[in-house]
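Here is the structure we will look at, set down as structure tokens.
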Amino acid sequence: MNKTTLIHGVNTISVWTPVAGKRVTVTNASISSNIGGTIAFYFDNTTSQKIAEFMVGASATVSPLIGQWESTTTAGRIFARVGASATDGWSVNLTGFEFESSQI
């Protein structure tokens with residue numbers, strides 16, 4: 001599955017909301033910004049569950065080798081929080097899959 005999200009303004013936004021009863025595993029990420037700044041990813045919108053944080057230069061794209069980010073919560077969303085933004089300031093493209101919690 002591919003999930004692409006544009007982030008406008010400084011806020012926290014859900015970038016992957018799984019189907020009820022499923023968990024998310026992200027296997028690839030591509031993040032770009034036309035203005036630059038920081039972006040952090042969290043499970044379930046809590047700062048205690050930070051997955052990763054990146055600093056991206058203006059007009060730059062990063063595609064980190066992440067292995068996988070696997071949610072430990074059924075129906076748990078993945079959120080992104082940016083430190084600076086503007087209209088279409090950030091583009092987040094996540095690739096991965098959803099699976100039943102009973103499959104583990």
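Amide H to amide H, with H built 1.01 Å from N, Trp16 comes under 5 Å of Ile78, counting only residues 5 or more places away or on other chains. Tell me which GluC sites (Glu not before Pro) from the range 4-104 have a DSSP coil assignment and no more than 14 other beta carbons within 10 Å of their own. Counting only loop positions with at most 14 other Cβ atoms within 10 Å, none of the GluC sites (Glu not before Pro) in the range 4-104 qualifies. By the Stokes-Einstein formula, at 0.692 mPa s and 37 °C, the chain with its Kirkwood radius over alpha-carbon pairs has D equal to 240 µm²/s.
Bear in mind that the values in this text are calculations on the coordinates, not laboratory data. Please read all numbers here as calculations on a predicted model, not as lab measurements. Cβ coordinates were reconstructed from backbone atoms using ideal geometry, including for glycine residues, and neighbour counts include every protein chain displayed.
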